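S.K.: A single structure is presented below for examination.
The values are calculated or read from the model by the stated rules, or taken from the named source; none is laboratory data. The model shown is predicted, which means the values in this text are computed figures rather than measured ones. For neighbour counting, all protein chains shown are included, and Cβ atoms are generated from backbone atoms with ideal geometry for every residue, glycine included. The protein model used for the area step is the full one, side chains on, heavy atoms only, and it has no ligands, DNA or RNA in it. Shrake-Rupley method; radii C 1.70, N 1.55, O 1.52, S 1.80 Å.
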Amino acid sequence: MRILVPIAAIGILAAAAVAGFFFGGFYTVAGTAPDLDIVHWALIQVRTASIDRHAVDQPPVGFDDATKIQDGARSFAAIGCVNCHGAPGVKWAKFSEGLHPDPPDLKELANDRTPAQLFWVIKNGINMTGMPSFALAGAKDEELWSIAAFVKKLPSISEADYRGWTAPSAAGK
């Protein structure tokens, strides 16, 4: 029992020091400053756990249909996803280089995420990043599912296909 008092005191002092560091303004929130390793790790763990818990919607029938994927490419371009994430043959917009954390390269991410996870992130956004909620921006679930279908296929989409699907004349198809 006598050992518990010093351990509790050390715990309280450590918690007070951490609180003083963060709430005292010593931790910088500048977008130009890298996160502490522990903060970076914690944000990734919290984000992953949250997406895993909340991404429960199942893809609609025909999720991987070619027409839906092409519709998703057009929506991806139209609502601005290409500005931060790029696309086949399209570079990211210059301003996205200033986002912290960096927007992920979706070609690298697509195979590691389920359709439900992609849909949930596109629909709800991710707090404390530049990823907005496209549902709050007025996009409907059907459109968001088509974007998720496009992102899921992104690693195998050629520049020519993307260009053809998103050309102004393709919008009328």
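S.K.: Would you mind computing, in nm to one decimal, how far apart the modelled labels at Asn127 and Lys140 are, each placed 7 Å from Cα along Cα→Cβ?
M.R.: 3.0 nm
S.K.: Continuing with the same structure: Sum up the charges of everything whose Cβ sits under 13 Å from the Cβ of Pro103, counting Lys and Arg as +1 and Asp and Glu as -1, but leave Pro103 out.
M.R.: That sum, taken over residues with Cβ under 13 Å, equals -1.
S.K.: Which links in Lys91/Lys153; Lys68/Lys107; Lys107/Lys140; Lys68/Lys94 stretch past 22 Å when you go from one Cα to the other?
M.R.: In this structure, Lys107/Lys140; Lys68/Lys94 exceed 22 Å between Cα atoms.
S.K.: Can you pull a Stokes-Einstein diffusion coefficient for region 10-102 at 4 °C (1.567 mPa s), Rh from Kirkwood over Cα pairs, as a whole number of µm²/s?
M.R.: Value of D from the Cα-based Kirkwood radius: 74 µm²/s.
S.K.: Further, regarding this structure: Taking all protein chains as present, what is the carbon and sulfur share of the accessible area of the chain, in % to the nearest whole number, probe 1.4 Å?
M.R.: Summing carbon and sulfur atoms, their accessible area is 62 percent of the total for the chain.
S.K.: Using the alpha-carbon atoms, what tilt in degrees (0 to 90, nearest 10) does helix 115-124 show relative to the longest principal axis of the chain?
M.R.: 80 degrees
S.K.: Hey, rough spin-label estimate for Leu13 and Asp112, points 7 angstrom out along Cα→Cβ, what's it come to in nanometres?
M.R.: Distance between the two pseudo-spin positions: 4.0 nm.
S.K.: Ok, one more. Compute the accessible area per residue over the chain, keeping the other protein chains in place, probe 1.4 Å, unit Å².
M.R.: 65 Å²
S.K.: Angle check, please: helix 37-54 long axis (alpha carbons) against the longest principal axis of the chain (alpha carbons), in degrees 0 to 90, nearest 10.
M.R.: 50 degrees
S.K.: Turning to a different aspect of this structure: When you count, for each residue, the other Cβ atoms within 10 Å and take the mean per peptide, how do 23-29, 50-56 rank with the highest first?
M.R.: Descending mean neighbour count gives 50-56, 23-29.
S.K.: Turning to a different aspect of this structure: Scan around Leu99 for amide H atoms under 5 Å from its own, H built in the peptide plane at 1.01 Å from N, and keep only partners 5 or more places away or cross-chain.
M.R.: Placed amide hydrogens put nothing under 5 Å from Leu99.
S.K.: Here is a further query. Can you compute the radius of gyration and Dmax for region 75-160, using only the Cα atoms, both in Å?
M.R.: Final numbers for Rg and Dmax: 12.1, 35 Å.
S.K.: How much length, in nm to one decimal, is gained on full extension between Val29 and Ala78, taken as 0.36 nm per residue of separation minus their Cα-Cα distance?
M.R.: 14.5 nm
S.K.: Using only the alpha carbons, work out the radius of gyration and Dmax of the chain in angstrom.
M.R.: Cα-based Rg and Dmax for the chain come out at 20.8, 78 Å.
S.K.: Here's another thing I want to ask about it. Ala87: net charge of surrounding residues, Cβ under 10 Å, Lys/Arg +1, Asp/Glu -1, itself excluded?
M.R.: After counting each charged neighbour, the total is +2.
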